[in-house]
Structures are given as C-alpha cells and as structure tokens.
1. What is the one condition in (1) farther than 30 Å from His218 by Cα; (2) in contact (Cβ under 8 Å) with a residue 40 or more places away in the chain; (3) touching a strand residue (DSSP E or B) at 6+ places or on another chain (Cβ under 6 Å) that Leu100 does not satisfy?
2. Quick check on this structure: which one of Leu111, Leu141 is modelled with pLDDT of 90 or more and under 25 Å from Leu35 (Cβ atoms)?
3. Kindly provide the set of residues from segment 144-154 that are in a loop (DSSP other than H, G, I, E, B) and either charged (D, E, K, R) or modelled with pLDDT of 95 or more (or both), ordered by number.
4. Scan segment 99-117 and tell me whether some residue there is in a strand (DSSP E or B) and within 12 Å of the chain's Cα centre (by Cα).
5. Consider Glu94 carefully, then state whether it is more than 18 Å from Met198 (Cβ to Cβ), at pLDDT below 90, of a type in the set (Asp, Glu) and surrounded by 14 or more Cβ atoms within 10 Å (Cβ to Cβ).
6. Are any of the residues in segment 158-181 at pLDDT 90 or above, within 18 Å of the chain's Cα centre (by Cα), under 15 Å from Thr223 (Cα atoms) and among the charged types (D, E, K, R)?
7. Whether any residue in segment 70-86 is touching a strand residue (DSSP E or B) at 6+ places or on another chain (Cβ under 8 Å), surrounded by fewer than 18 Cβ atoms within 10 Å (Cβ to Cβ) and not charged (D, E, K, R) is what I want to check.
Amino acid sequence: MDTINNLILKEYRLELANKTNQLKALQAQIDPHFLYNSLQSIGTLALHHKVPRIYNLLSSLASIMRYNMRTSEAMVTLGDEVKHLELYLNLQKERFGEQLEVEWSIEPDSLSCRVPKMILQPIAENYFKHGMEQYQEAGKLSIATHRVDDQRVMITIKNNGASIESSRLTALQSMLQQTGESSDLEDGESIGLRNVLMRLQLYSDNRSSLSIENLQPHGIIVTLEIITLGRDTHEGTDR
C-alpha cells in the first residue's frame with residue numbers, strides 16, 4: 001500500500017509540474033510573424049518621421065514582451081489581461097489599419113476579478129492566424145466582459161472571420177467538453193484553446209468552461225465562463 005501511495009503521489013506531482021511548465025512555455029511564446037509584422041509597421045512609420053506614434057508602438061510592444069516574461073505570475077486581474085490584449089490589438093490595428101475594427105464592451109466591475117494569466121490574447125490571435133482576410137469586408141473583433149455574481153465572470157470574444165467547417169467544429173467542441181484532453185486536432189488553433197481551457201480548469205477545480213460556436217453568416221464566438229478566485233485589492237484597468 002505504501003508503494004502504491006508513493007506512486008500515486010509521484011504521478012500527481014509530475015502532472016502538476018507538467019501543467020506548470022506548459023503555462024511557462026506559453027507565456028514565453030510569441031508568434032514570430034506577429035513580431036516581424038509589428039516591427040515592419042514601426043519601421044514604415046519611422047520612414048515618415050512620426051516619432052510620437054513610433055514611441056507609442058514601441059512602448060506597446062515592450063509592455064507585451066514584459067507581460068509575457070513575467071512567468072512567476074499564474075494569476076492576474078482581468079484588468080491586466082484586458083490591458084495586455086488592448087496593447088496586442090493596437091499593434092494589429094497598426095498593421096491592418098481601417099481593415100480592422102475592434103469593439104470593447106467591458107464591465108468595470110469585472111476588471112478586479114482574479115483569472116489565470118494569458119487567456120485572452122491566444123484566443124484573439126487565432127482570428128489573425130486562421131479567420132481574417134478571407135472576406136472583402138473589414139475585419140471585426142468584439143470583446144465583452146460581464147460579472148455574473150461574486151464567483152463568476154463571463155467573457156466573449158467574437159469575430160466576423162471564417163467559420164469553422166461543421167465536422168471540425170464538432171470535434172473541437174468535443175475536445176473542449178472533455179476538459180481539453182488531447183485529440184486528433186493538433187493545429188495551432190486547437191492547441192491554443194486547449195491550453196487556455198486547461199489553465200481555467202486547473203485554477204478553478206474544473207468548474208470553469210470554454211465554448212466555441214459559429215456565427216451567421218460567418219464568424220466565430222468564444223465564450224469563457226470563469227469561476228474567479230475573488231477580487232484583487234486594487235481595481236483593474238479603467239475603460
């Protein structure tokens with residue numbers, strides 16, 4: 001019995017260490033194409049001598065990199081997450097210009113909620129990797145947060161990009177309903193969603209959820225229902 005108990009304890013510690021390493025790896029990761037395109041946009045502005053704008057873009061990029069490198073933090077305020085996403089989308093706006101519209105509907109009372117780090121930007125990033133630039137209309141991304149009660153916050157991120165093919169969507173939904181377990185879906189989109197869901201589950205005793213649906217006539221909506229760990233003593237980002 002002692003041997004069995006020791007093996008169970010060892011397995012549990014290995015699983016916990018693996019999840020911690022996955023979080024640190026995701027936080028340290030930055031899409032090289034995004035970095036290249038952002039620097040290219042900054043360089044273009046430099047040619048036109050728009051110094052204040054260059055400064056703002058460089059500051060945004062530096063803030064994004066600092067946030068990603070703060071690997072000791074597993075939990076942050078939703079306000080921190082929203083600010084990080086805003087900086088990321090500001091740089092994407094510089095790249096796409098009028099071809100990208102971003103809408104925010106942020107409930108101030110939700111911003112002090114404690115949530116796992118790096119849950120919003122990977123979802124938005126999927127849009128630029130997989131769903132944008134397939135239609136002539138301008139791209140549109142909408143982010144909304146709502147505090148349901150003292151323990152729950154809802155976040156929706158939707159876009160007007162390409163919808164997901166029906167059979168693939170069913171497989172993706174099945175994977176997410178099984179708490180992000182591995183499946184035959186091994187592309188960047190499914191891995192990103194699975195990693196977000198695993199962190200949500202890890203810090204909420206498997207009570208948080210992530211769902212994805214197609215929109216009409218096209219587009220995707222991702223909904224996060226998060227069981228929060230209370231509020232931070234300092235209020236989050238004001239919008």
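The values are calculated or read from the model by the stated rules, or taken from the named source; none is laboratory data. None of these values were measured; they are calculated from a predicted model. We place every Cβ from the backbone using ideal geometry, glycine too, and count neighbours over all the protein chains shown.
1. Failed condition: (1).
2. So the residue among Leu111, Leu141 that is modelled with pLDDT of 90 or more and under 25 Å from Leu35 (Cβ atoms) is Leu141.
3. Taking segment 144-154 first, the residues in a loop (DSSP other than H, G, I, E, B) are 148-151.
Result: Asp149, Asp150.
4. Step one: of segment 99-117, the residues in a strand (DSSP E or B) are 100-106, 113-116.
When the remaining residues are screened for being within 12 Å of the chain's Cα centre (by Cα), the result is 115-116.
There is at least one residue in segment 99-117 that is in a strand (DSSP E or B) and within 12 Å of the chain's Cα centre (by Cα).
5. yes
6. yes
7. yes
Yes/no per residue for (1) assigned to a helix (DSSP H, G or I); (2) of a type outside the set (Lys, Arg); (3) touching a residue at least 40 places away in the same chain (Cβ under 8 Å); (4) under 27 Å from Ser60 (Cα atoms):
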{"site": "Ile119", "(1), (2), (3), (4)": "no, yes, yes, yes"}
{"site": "Glu125", "(1), (2), (3), (4)": "yes, yes, yes, yes"}
{"site": "Thr156", "(1), (2), (3), (4)": "no, yes, yes, yes"}
{"site": "Ala171", "(1), (2), (3), (4)": "yes, yes, no, no"}
